[in-house]
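Visitor: Dropping the structure in here first, questions after.
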Amino acid sequence: MTTPEVQSFFDDMTKTVTHVIMDPATNKAAILDPVLDYDPKSGARSTAHADEVIAYVREKGLEIEWILETHVHADHLTAAPYIKDELGGKIAVGDHIKDVQTTWNNIFNYKNGLETDPAIFDHLFLDGDRFTIGEMEAEVMYTPGHTAIDLTYLIGDSAFVGDTLFMPDYGTARSDFPGGDARQLYRSIQKILSLPEETKLYLCHDYLPEKGRDQNAWVTTVGESRKNVLIAGVTEDEFAAAREARDKDLATPLLLYPSLQVNIRAGHMPPPEDNGVSYIKVPLRKSK
């Protein structure tokens, strides 16, 4: 089985990992979960992080075939369209983008319909779909629970799991976003953990545990992840109760509203208003 070459880029602000996944036989590659820098205080955007990825791709002489999203991220804006403009490639996400767009279309009270048009993505993957990166075989595994759309990409002897699992000493993704479900998350994790124990797992976030590790990490194995602190020896009922209780104490991600408004559009900014300026909406909520 092919072992992909992987170069990873860690964004410290959002704790996101972008992976460049390369076929060693052809120099063709995919970029997974690219980050666009965004300052929530000023609304300013920057491509500094994406430019590091682009520089690496050009230095290696890679041909980008895919820009893969594991889900619609709630903690960073995607740089997918910028990457596509610079390097080419098709922007792909799961077919359940339709559900996510509909949910957030209602939350943001959008009227023009653009936000519920999956055609703004180049390709939509279904569970079990197969594709190639160069000569490497890849398969799509639908692993919802964190959100309604999460995918795991099985590429050679490796799996790219998005936010579903974190390092074994930290735990799992939260499940309290619209469309998330703790029981569904547990079942998705079991699917991942049923892969051969030597399968490499590439994660898309890392948060340091309170004790022990002091260096960020984002590669583990199925065997190690079976010892995950929130999963090992735990039933679905126990996991769901613990995950839901834990989620109640978690803060809303800083970039939740900017991220969702951009990411449901495949990374494109909201349409400019009649003054030529794009705006991010924040729904006002009553105090509890």
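Condition check ((1) at pLDDT 95 or above; (2) on the phi < 0 side of the Ramachandran plot; (3) touching a strand residue (DSSP E or B) at 6+ places or on another chain (Cβ under 8 Å); (4) among the hydroxyl-bearing types (Ser, Thr, Tyr)) across all residues:
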site	(1), (2), (3), (4)
Phe166	yes, yes, yes, no
Pro178	no, yes, no, no
Glu198	yes, yes, yes, no
Tyr207	no, yes, no, yes
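Visitor: Just one of (1) crowded, with 19+ Cβ neighbours inside 10 Å; (2) in a strand (DSSP E or B) trips up His73, so point out which.
Guide: Going through (1) crowded, with 19+ Cβ neighbours inside 10 Å; (2) in a strand (DSSP E or B) one by one, His73 breaks only (2).
Visitor: Under the condition of being under 20 Å from the mean Cα position of the chain (by Cα) and surrounded by fewer than 16 Cβ atoms within 10 Å (Cβ to Cβ), which residue from region 218-253 is nearest to Ser175 (Cα to Cα)?
Guide: Asp247
Visitor: Restricting region 254-274 to residues that are free of Cβ contacts under 8 Å to residues at least 40 places away in the same chain and surrounded by fewer than 17 Cβ atoms within 10 Å (Cβ to Cβ), which is nearest to Gln184 (Cα to Cα)?
Guide: Per the criteria, the residue is Met269.
Visitor: Follow-up. Scan region 34-58 and report the pairs whose first residue is touching a residue at least 60 places away in the same chain (Cβ under 8 Å) and under 21 Å from Ala92 (Cα atoms) and whose second residue is hydroxyl-bearing (Ser, Thr, Tyr) and loosely packed, with under 14 Cβ neighbours inside 10 Å, with Cβ atoms within less than 8 Å and a gap of 6+ or a chain change.
Guide: Sorted first by the residue in region 34-58, then by its partner, the pairs are Leu36/Ser46.
Yes/no per residue for (1) closer than 15 Å to Gln184 by Cα; (2) part of a strand (DSSP E or B); (3) small (Gly, Ala, Ser); (4) in contact with a helix residue (DSSP H, G or I) (Cβ under 6 Å, 6 or more places away or on another chain):
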site: Trp104; (1), (2), (3), (4): no, no, no, yes
site: Lys111; (1), (2), (3), (4): no, no, no, no
site: Met141; (1), (2), (3), (4): yes, yes, no, no
site: Ala159; (1), (2), (3), (4): no, yes, yes, no
site: Asp163; (1), (2), (3), (4): yes, no, no, no
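Visitor: OK, next. Select from region 41-52 the residues that are touching a helix residue (DSSP H, G or I) at 6+ places or on another chain (Cβ under 7 Å) and either among the basic types (Lys, Arg) or in a helix (DSSP H, G or I) (or both) and list them in ascending order.
Guide: Passing the criteria: only Ala50.
Visitor: Is it true that Tyr202 is surrounded by 13 or more Cβ atoms within 10 Å (Cβ to Cβ) and among the hydroxyl-bearing types (Ser, Thr, Tyr)?
Guide: Here the answer is yes, as Tyr202 does meet what is asked.
Visitor: Of the residues Glu65, Glu69, Glu86, only one is modelled with pLDDT of 95 or more, in contact with a strand residue (DSSP E or B) (Cβ under 7 Å, 6 or more places away or on another chain) and over 22 Å from Leu254 (Cα atoms); which?
Guide: The unique qualifying residue is Glu65.
Visitor: Also, quick follow-up: For region 165-188, name all the residues that are of a type in the set (A, V, I, L, M, F, W, C), in a loop (DSSP other than H, G, I, E, B) and closer than 20 Å to Ala240 by Cβ.
Guide: Correct list: Phe166, Ala173, Phe177.
Visitor: Which numbered condition in (1) within 21 Å of Pro4 (Cα to Cα); (2) surrounded by fewer than 18 Cβ atoms within 10 Å (Cβ to Cβ); (3) touching a residue at least 12 places away in the same chain (Cβ under 8 Å) is the only one that Arg130 fails?
Guide: In the conditions (1) within 21 Å of Pro4 (Cα to Cα); (2) surrounded by fewer than 18 Cβ atoms within 10 Å (Cβ to Cβ); (3) touching a residue at least 12 places away in the same chain (Cβ under 8 Å), Arg130 misses (3) alone.
Visitor: Of the residues that sit in region 1-48 and are small (Gly, Ala, Ser) and within 18 Å of the chain's Cα centre (by Cα), which one is farthest from Thr132 (Cα to Cα)?
Guide: Going through region 1-48, the residues small (Gly, Ala, Ser) turn out to be 8, 25, 29-30, 42-44, 46, 48.
Going one step further and asking which of them are within 18 Å of the chain's Cα centre (by Cα), we end up with 8, 29-30.
On the way: Ser8: 20, Ala29: 10, Ala30: 10 Å.
Among those that are small (Gly, Ala, Ser) and within 18 Å of the chain's Cα centre (by Cα), it is Ser8.
Visitor: Return yes or no: is Val277 over 20 Å from Asp12 (Cα atoms), aliphatic (A, V, I, L, M) and touching a residue at least 60 places away in the same chain (Cβ under 8 Å)?
Guide: No, not satisfied.
Visitor: Sticking with this structure for a sec: When you check Lys191 against the structure, is it under 30 Å from Val6 (Cβ atoms), modelled with pLDDT of 95 or more, outside any loop (DSSP other than H, G, I, E, B) and among the charged types (D, E, K, R), yes or no? First the steps, then the outcome.
Guide: Details: under 30 Å from Val6 (Cβ atoms): yes; modelled with pLDDT of 95 or more: yes; outside any loop (DSSP other than H, G, I, E, B): yes; among the charged types (D, E, K, R): yes.
When the stated conditions are applied, Lys191 passes them.
The values are calculated or read from the model by the stated rules, or taken from the named source; none is laboratory data. Being a predicted model, the structure only gives us computed values, none of them experimental. Don't worry about glycine lacking a Cβ; one is built from the backbone with ideal geometry, like all the others, and counts go over all protein chains shown.
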